[in-house]
Amino acid sequence: MTASSAPTTVTTPPPGQRPGTIRLAAGGSARLVRREITPDGTLPIPESLDEAAWWGVGLGAPNGAAVLSGHVNWRGRTGPFDELWRAERGQPVTISDAAGLRWTYRVTEILTLHKDELPRHAERLFNARGPHRVVLVTCGGDFVGGTDGYRDNRIVVAEPVSPQAHLN
């Protein structure tokens, strides 16, 4: 994500809500790590294949996007966010926080965007307004190298099944 794609306002998670894990429909999972947008507007991607960066609103927030980004692959290994390339509408996404609370979401939208197109969609996808949702982001498509890595971004939007969390 670049400066031109970062939303203007962000609601942070409630105090004490610590990241936990995400589990995708085919069983891939990643540990969530809280990240903030850099001064140039980039969302740092985690170093580890088994991690996903979490930015934006908290889990279960009444409004806005919780953005989770992770690697499609890294250092010759396939990552859990590779599953986004096979995602289908209606599939579950389960997220647990460190306290053991679990939220279930359902996939409602799937986009593949060239990285140059992402800024035009950023305000709608990543802002802190509108209904609560999680927005999962990874890269893929043709490998172009350099700082871009891959040509495209895969974006999967999932909406809450219920507004309340459940204990694991």
Backbone N within the range 136-168 under 19 Å of label point (7 Å from Thr104 Cα along the Cβ vector): 157-168
Convex hull volume of the chain per residue (C-alpha atoms, cubic angstrom): 107 Å³
DSSP-defined antiparallel bridges as percent of all bridges, the range 30-121, nearest 5: 75 percent
GNM top mover of Ser48, Ser96, Ser69 - the chain, alpha-carbon springs below 10 Å: Ser48
Sites Glu123 and Ser29 - FRET efficiency at Förster radius 25 Å, r taken between beta-carbons, to 0.05: 0.25
Inter-label distance, nm, simple model (7 Å from Cα along the C-beta direction), Arg89/Arg18: 3.9 nm
The chain - share of DSSP beta bridges that are antiparallel (%, nearest 5): 80 percent
Choice from Pro19, Pro131, Pro44 showing the highest fluctuation, given a GNM over the chain with Cα pairs closer than 10 Å: Pro131
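When you have a sec, figure out the Kirkwood radius of the range 45-129 from all distinct Cα pair distances and drop it here in Å to one decimal?
After inverting the mean inverse Cα-Cα distance, the result is 14.5 Å.
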Among Phe143, Phe126, Phe81: highest mean-square fluctuation, GNM of the chain, C-alpha pairs under 10 Å: Phe143
Burial ranking of peptide ranges 107-119, 147-159 (average Cβ count within 10 Å, highest at the top): 147-159, 107-119
Cα-based shape type of the range 27-83, given that a ≥ b ≥ c are square roots of the gyration tensor eigenvalues and the cut on a/c is 1.5: oblate
Dipole magnitude of the chain, debye to nearest 20 (Cβ charges: Lys/Arg +1, Asp/Glu -1, about Cα centre): 400 debye
Charge dipole (the chain, unit charges on Cβ, about Cα centre) - positive-most of Ala65, Trp103, Gln91: Trp103
Mean ellipticity per residue at 222 nm, deg cm²/dmol - from DSSP H runs of n ≥ 4 across the chain, formula -39500 (n - 2.57): -1500 deg cm²/dmol
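None of the figures in this text is laboratory data; all of them are computed from the coordinates on show. Remember, predicted model here, so these are calculated numbers, not experimental data. Heads up, the Cβs are rebuilt from the backbone with ideal geometry, glycines too, and the neighbour counts pull from every protein chain shown.
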